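The values are calculated or read from the model by the stated rules, or taken from the named source; none is laboratory data. Computed from a prediction, not measured in an experiment: that's the story for all the values here. As a convention, Cβ positions derive from the backbone with ideal geometry for all residues, glycine included, and neighbour counts pool all protein chains shown. Side chains are part of the model used for accessible areas, which takes the heavy atoms of the whole protein and leaves out ligands, DNA and RNA. Shrake-Rupley method; radii C 1.70, N 1.55, O 1.52, S 1.80 Å.
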Amino acid sequence: MAPLPAPTASSAFLFLSPPRRSRLHTKQRPRPTVVCSSSSAPTRSLSDQLEPLSRTLLHDKPTPAAASADRPTPQPTWVNPSRPKPTVLSLRRHRRRSPSAHPSSAPLQPLIRAIRALPEDADLAATLDAFFPDPEVSPPSASDALLLLNYLHPSWRKSLSLLAWLRALPAFPLDTIFFNVALKSLRAARQWPHAERLALDMISAGVPLDNITYSTLITAARRCRQFAKAVEWFERMYAADGGVLPDEVTYSAVLDVYAQLHMKEEVLALFDRARGSGWKPDHVAFAVLAKMFGEAGDYEGIQFVFNEMREVGLKPNIFVYNALLEALGKTGKPGLARSLFEEMTDQGVEPNARTLTALAKIYGRARWGRDALQLWDRMREMKLPADNILCNTLLSMCADVGLVAEAEQLFNEMKDPGCPDVPNPDKWSYTAMINIYGSNGNTDHALRLFEEMVKDGIEPNIMSYTIVIQCLGKAQRIQQAVEVLEAGLEKGLKPDDRLCGCLLSVVALSSGEEMEMVLSSLEKVNKGLVTLIRVLGQDQLGADDLTKEFKGVLNAAAPEVRRPYCNCLIDICQNHGFPPQRARDVFHLAQTYGLYSKLHSRKDEEWSLDLRSLSVGAAKTAFDDWMQTISERLVQHKALPETFSVYTGSSTHKFAQGLASAFAAHLEQMAVPFRPSESQVGSFISSRDDLVSWLQASSLSAVVAR
């Protein structure tokens with residue numbers, strides 16, 4: 001894909017004109033090649049051949065987990081080519097009656113009051129029979145029935161009961177519109193099973209389904225996140241007798257469904273087909289496209305949205321701008337997001353709280369803390385309303401970039417009754433501030449705020465507990481960390497994998513009796529982890545026993561915490577005097593399961609080791625293992641590159657402890673000839689001659705000594 005010229009801060013997005021594309025281009029995945037070889041040995045079954053591979057794999061999801069049947073992937077919409085397609089869409093929505101055309105509701109008021117007084121799940125038949133003495137001979141008029149259904153819209157059970165009563169009247173002409181009103185009530189209540197059952201009843205009873213029916217069903221399925229069902233009913237529109245054309249609401253809804261299912265090809269195919277039929281996309285459709293391209297990180301797709309809006313003569317509104325800002329944030333383009341915001345204000349579109357929330361997230365990821373706070377001041381001057389999501393996003397951004405004073409000022413404004421434009425702090429606000437103090441190493445402030453949170457009746461969430469426990473652990477206040485955990489367990493706290501990982505790090509930082517204290521609490525929430533730790537501490541341990549316990553723990557954990565688990569386990573092995581080989585055993589098992597798969601990079605002229613995702617103990621173990629591998633190649637007289645480099649990273653977080661200083665101390669202790677790189681911060685380099693000389697002068701035991 002050729003690079004497109006990036007707009008400047010003063011240029012308008014609406015004038016970007018990339019070539020129009022009808023489909024999203026994706027690369028075809030290469031098909032695996034199966035190689036068969038003939039041999040005189042008996043042929044092994046496929047399961048036998050794959051059995052060694054299975055020992056190196058972990059489950060995709062934590063176990064135990066309820067097995068759910070795979071949902072069938074919706075097929076692309078098919079259009080019958082034998083049926084001609086109209087050049088424009090014919091909208092068949094029911095027109096709303098004007099207030100003067102509605103019948104007077106005065107005669108029905110006693111009935112409405114009687115129905116409202118009934119319980120939610122009551123049968124309306126007796127009440128209706130009392131109001132209409134002879135409904136089979138003299139049923140209510142269609143206008144009265146519609147008026148009753150509209151009044152009962154907030155109560156879907158009563159709507160269905162009224163519809164069932166009407167359907168039982170032989171003299172009542174039940175039309176599609178009555179079902180549509182009931183379906184809208186079910187959609188508002190997110191009752192998808194009842195909505196689909198009612199639609200199937202319409203088909204069985206021979207009641208025709210019109211555009212409103214299909215549109216209501218599709219949007220109801222989307223609201224209930226039944227995306228496959230939404231696609232299924234969209235396909236039924238074309239399969240129905242005579243075909244039912246979608247309108248603009250249906251097209252926008254189905255585009256969103258396809259985007260939710262990550263069916264980009266279908267999104268663009270439907271968009272082009274609808275445009276060819278005369279459809280003019282609305283703001284909702286363009287917001288869906290912007291969101292889809294943003295999640296894919298497709299900057300060209302975002303330009304495509306602007307180009308299409310310019311072509312149809314539609315100016316972006318606040319919803320489209322917000323969707324585009326969120327999309328630009330996901331593509332990692334904070335400068336373009338700022339330009340878009342400036343264009344939005346120049347076009348006279350007034351930003352709202354969601355706008356600032358999106359920008360605050362973008363600036364936080366880019367470490368543009370000052371820009372976000374300047375934007376916040378600008379919004380305050382404009383007296384735009386702020387909500388908790390916005391303020392909490394700003395607090396989290398301050399935590400990311402280390403703006404303690406600014407965060408305290410905002411948090412105090414949220415607590416001040418004299419600031420009505422700022423919402424009161426909630427549990428996420430407190431959690432963000434606790435995170436700021438915890439990252440800053442200000443344990444007393446973090447603990448005091450946590451206690452204030454509990455005293456004010458705000459129930460701490462699991463993230464609050466995790467941050468406070470981790471902060472106390474780093475401060476070597478192990479007993480207080482255990483007390484916080486025990487207090488949470490008494491209140492019904494249900495620890496997750498991240499909290500268990502936090503407790504593992506506390507175990508690594510504790511010693512003696514404190515370690516047993518933490519293990520005793522950890523055993524209440526995760527016995528497998530404690531069993532594995534005790535197994536690692538055994539002097540005599542079989543490889544199969546260790547593999548079994550290790551794999552069981554990882555399979556029971558979420559994939560995103562498996563590598564942190566391994567980091568903490570290695571730290572525990574090193575800090576608590578476990579047998580010298582244990583840390584490397586854990587490291588090798590983690591490599592076997594692909595948890596440390598991107599540490600090494602080999603080129604002809606340079607070998608590198610990337611330690612950025614490791615803890616201090618795991619980084620030392622990985623480096624020592626790397627030195628042993630190089631030493632073995634030297635003994636075997638195999639070729640070595642000219643340069644060796646180790647990258648520990650240099651975190652931009654103000655309060656990050658950093659791995660570079662700890663690793664530099666490890667290098668100094670071992671006297672390894674790696675020196676800091678002058679061109680790249682957080683990188684250490686060594687030449688082949690220097691490293692070979694050191695390896696030759698050192699025994700293998702010195703290499704792995706600590």
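Taken over region 350-378, the criterion of being of a type outside the set (Phe, Trp, Tyr) and touching a Pro at 6+ places or on another chain (Cβ under 7 Å) is satisfied by 353, 362, 366. Within region 374-392, is there a residue that is open to solvent by 10 Å² or more (accessible area, probe 1.4 Å) and in contact with a Ser or Thr (Cβ under 6 Å, 6 or more places away or on another chain)? The answer is yes; a qualifying residue exists.
Taking residue 686 as the residue in question, decide whether it is in contact with a Ser or Thr (Cβ under 6 Å, 6 or more places away or on another chain) and over 27 Å from residue 554 (Cβ atoms). In short, no.
So in region 300-355, with the set limited to residues that are of a type in the set (Asp, Glu), closer than 20 Å to residue 374 by Cα and in a helix (DSSP H, G or I), which one is farthest from the chain's Cα centre (by Cα)? Step through it out loud before you land on a result.
Residues of region 300-355 of a type in the set (Asp, Glu): 300, 308, 311, 326, 342-343, 346, 350.
In the following step, the residues that additionally are closer than 20 Å to residue 374 by Cα were identified as 326, 342-343, 346, 350.
If we keep only those that are in a helix (DSSP H, G or I) as well, we get 326, 342-343, 346.
On the way: 326: 13, 342: 28, 343: 29, 346: 32 Å.
For region 300-355, the residue satisfying everything is 346.
Based on this model, can you work out whether residue 360 counts as assigned to a helix (DSSP H, G or I), in contact (Cβ under 8 Å) with a residue 24 or more places away in the chain, of a type in the set (Gly, Ala, Ser) and crowded, with 21+ Cβ neighbours inside 10 Å? Spelling it out, residue 360 is indeed assigned to a helix (DSSP H, G or I), in contact (Cβ under 8 Å) with a residue 24 or more places away in the chain, of a type in the set (Gly, Ala, Ser) and crowded, with 21+ Cβ neighbours inside 10 Å.
Hey, among the residues in region 468-477 that are of a type outside the set (Lys, Arg) and surrounded by fewer than 22 Cβ atoms within 10 Å (Cβ to Cβ), which one's farthest from the chain's Cα centre (by Cα)? Step by step, filter region 468-477, then rank; the result is 476.
Taking region 307-341 on its own, how many of its residues are among the β-branched types (Val, Ile, Thr), modelled with pLDDT of 80 or more and surrounded by fewer than 22 Cβ atoms within 10 Å (Cβ to Cβ)? Please lay out each step first, then the result.
The initial filter retains those residues of region 307-341 that are among the β-branched types (Val, Ile, Thr), namely 312, 318, 320, 331.
Remaining after also requiring modelled with pLDDT of 80 or more: 312, 318, 320.
Imposing the further condition that a residue be surrounded by fewer than 22 Cβ atoms within 10 Å (Cβ to Cβ) reduces the set to 312, 318.
The qualifying residues number 2.
Regarding region 588-598, can at least one residue be identified that is in contact with a helix residue (DSSP H, G or I) (Cβ under 9 Å, 6 or more places away or on another chain), open to solvent by 10 Å² or more (accessible area, probe 1.4 Å), assigned to a loop (DSSP other than H, G, I, E, B) and among the polar types (S, T, N, Q)? The answer is yes; a qualifying residue exists. Would you confirm, using the coordinates I've provided, whether residue 113 is open to solvent by 70 Å² or more (accessible area, probe 1.4 Å), in a helix (DSSP H, G or I) and either closer than 19 Å to residue 188 by Cβ or of a type in the set (Ser, Thr, Tyr) (or both)? Answer is no for this residue. Among the residues of region 484-499, the ones that are more than 21 Å from the chain's Cα centre (by Cα) and part of a helix (DSSP H, G or I) come to 7 in all.
Kindly indicate whether residue 204 is within 25 Å of residue 260 (Cα to Cα) and not in a loop (DSSP other than H, G, I, E, B).
Numbers: within 25 Å of residue 260 (Cα to Cα): no; not in a loop (DSSP other than H, G, I, E, B): yes.
No, not satisfied.
If you go through region 286-322 and pick out every residue that is in contact with a Pro (Cβ under 9 Å, 6 or more places away or on another chain) and under 18 Å from residue 364 (Cα atoms), you end up with 1.
Being more than 30 Å from residue 245 (Cβ to Cβ), assigned to a helix (DSSP H, G or I), at pLDDT 85 or above and touching a helix residue (DSSP H, G or I) at 6+ places or on another chain (Cβ under 7 Å) is true of residue 148. Within region 441-454, one or more residues are without any contact (Cβ under 8 Å) to a residue 24 or more places away in the chain and not in a helix (DSSP H, G or I).
Restricting attention to region 157-196, which residues are within 32 Å of the chain's Cα centre (by Cα), open to solvent by 20 Å² or more (accessible area, probe 1.4 Å) and not polar (S, T, N, Q)? Lay out the reasoning, then the answer.
Taking region 157-196 first, the residues within 32 Å of the chain's Cα centre (by Cα) are 183-196.
Right, trim to open to solvent by 20 Å² or more (accessible area, probe 1.4 Å) and you get 184, 187-191, 193-194, 196.
Within region 157-196, 184, 187, 188, 189, 190, 193, 194, 196 meet the criteria.
Considering (1) open to solvent by less than 10 Å² (accessible area, probe 1.4 Å); (2) part of a helix (DSSP H, G or I); (3) modelled with pLDDT under 90, the lone condition that residue 228 does not fulfil carries the number (1). Taking the condition open to solvent by less than 60 Å² (accessible area, probe 1.4 Å), hydroxyl-bearing (Ser, Thr, Tyr) and modelled with pLDDT under 85, does residue 698 pass? When the stated conditions are applied, residue 698 passes them. Test of understanding: among 206, 243, which residue is over 31 Å from the mean Cα position of the chain (by Cα), in contact (Cβ under 8 Å) with a residue 60 or more places away in the chain and on the phi > 0 side of the Ramachandran plot? Within the list 206, 243, the selection yields 243.
Among the residues of region 289-306, how many are touching a Leu at 6+ places or on another chain (Cβ under 8 Å) and either modelled with pLDDT of 85 or more or open to solvent by less than 10 Å² (accessible area, probe 1.4 Å) (or both)? Residues meeting the conditions: 9. Residue under question is residue 234, and the condition is that it be at pLDDT 85 or above, open to solvent by less than 10 Å² (accessible area, probe 1.4 Å) and under 30 Å from residue 329 (Cα atoms); does it hold? Against the criterion (at pLDDT 85 or above, open to solvent by less than 10 Å² (accessible area, probe 1.4 Å) and under 30 Å from residue 329 (Cα atoms)), residue 234 does not qualify. When the residues of region 116-140 are filtered to those that are more than 14 Å from residue 151 (Cα to Cα) and not in a loop (DSSP other than H, G, I, E, B), the one that is least open to solvent (accessible area, probe 1.4 Å) is 128.
Please tell me if residue 684 is more than 30 Å from residue 437 (Cα to Cα), buried (at least 16 other Cβ atoms within 10 Å of the Cβ) and either modelled with pLDDT under 90 or touching a strand residue (DSSP E or B) at 6+ places or on another chain (Cβ under 7 Å) (or both). Yes. Within region 231-268, being farther than 18 Å from residue 290 by Cβ and part of a helix (DSSP H, G or I) holds for 231, 232, 233, 234, 235, 236, 237, 238, 239, 249, 250.
With respect to the stated conditions, residue 402 is touching a His at 6+ places or on another chain (Cβ under 8 Å) and more than 22 Å from residue 316 (Cβ to Cβ).
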